[in-house]
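A short write-up of the structure that comes next.
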Amino acid sequence: YTSTKVDIYSNYTCIASHKRSYARFKYTTVDGHRPAHHRYSGDWNPEKFISEASAIHKDVADYITKVLEHKTYPEQAYKSCAGILSFARRVGPKRLINACRWADSYGLYNYPAIEKILNNRQDELPLPEDDAALQGMPVHDNIRGKEYFN
């Protein structure tokens with residue numbers, strides 16, 4: 001390599017030459033050098049995944065949007081989104097919708113969370129209502145409240 005280019009050799013034969021990039025934490029892959037099974041992901045973008053998810057249900061679209069927001073690198077988010085959406089074919093859209101609701105209630109935005117919920121069949125259970133938010137503080141002699149500490 002030099003300050004401007006990187007050459008790749010195999011058995012002393014140059015098989016690839018790239019312009020050197022100093023951009024930190026960015027991919028510089030040339031599509032022609034990618035294996036065939038990775039080339040299809042070149043057309044992946046957030047709109048594609050959100051559109052696919054919207055076709056299933058609004059809750060799935062909201063969940064996919066959060067997955068895209070929580071990942072550091074877009075390529076990682078795309079792979080997670082593709083895996084999550086593939087569950088619609090494997091287990092059905094109803095189960096995927098419920099799994100997305102469960103994972104969102106836990107604040108978990110990744111493929112393993114959805115997979116675990118589906119494997120444990122937790123998606124078939126009703127989501128617990130947020131009773132604590134609906135109820136006020138219970139009245140009891142041992143509960144002094146915030147006014148006690150002022």
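Pulled fully out, how much extra length does the chain show between residue 141 and residue 10, if you take 0.36 nm times their separation in residues and subtract their Cα-Cα distance? Could you put the intermediate results ahead of the total?
Values: separation 131, 0.36 × 131 = 47.16 nm, distance 7.88 nm.
That works out to 39.3 nm of additional length.
Leaving out ligands and nucleic acids, and using a 1.4 Å probe, what accessible area per residue does the stretch 71-111 come to in Å²? Working shown, then result.
Values: 2120 Å² over 41 residues.
Ligands and nucleic acids excluded, the figure is 52 Å² per residue.
Under 8 Å for C-alpha pairs, at least 6 residues apart: give me the relative contact order for the stretch 53-98, rounded to a whole percent. Walk me through the numbers on the way to the answer.
Values: 27 pairs, mean separation 17.3, N = 46.
Once normalised by length, the contact order is 38 percent.
Per-residue counts of other Cβ atoms within 10 Å, averaged by peptide: what ranking do you get for 64-73, 85-94, highest first?
Values: 64-73: 16.2, 85-94: 14.3.
Packing order, densest peptide first, comes out as 64-73, 85-94.
Per 10 Å bin from zero, what fraction in whole % of the C-alpha pairs of the stretch 36-120 is there, up to the bin with the longest pair?
19, 56, 23, 2
Among 55-61, 97-103, what's the highest-first ranking by average C-beta atoms within 10 angstrom per residue?
Numbers: 55-61: 16.7, 97-103: 22.7.
In descending order of packing, they fall as 97-103, 55-61.
At 0.36 nm per residue, minus the direct Cα-Cα distance, what do residue 29 and residue 90 gain on full extension? Give it in nm, one decimal, please. Mind showing how you got there, number by number?
On the way: separation 61, 0.36 × 61 = 21.96 nm, distance 3.16 nm.
Using 0.36 nm per residue and subtracting the Cα-Cα distance, I get 18.8 nm.
The values are calculated or read from the model by the stated rules, or taken from the named source; none is laboratory data. On a predicted model such as this, the values are computed, not experimentally measured, just so you know. Glycine also receives a Cβ, built like all others from the backbone with ideal geometry; neighbour counts cover every protein chain displayed. Heads up: the accessible areas ignore ligands, DNA and RNA and are worked out on the full protein's heavy atoms, side chains in. Shrake-Rupley method; radii C 1.70, N 1.55, O 1.52, S 1.80 Å.
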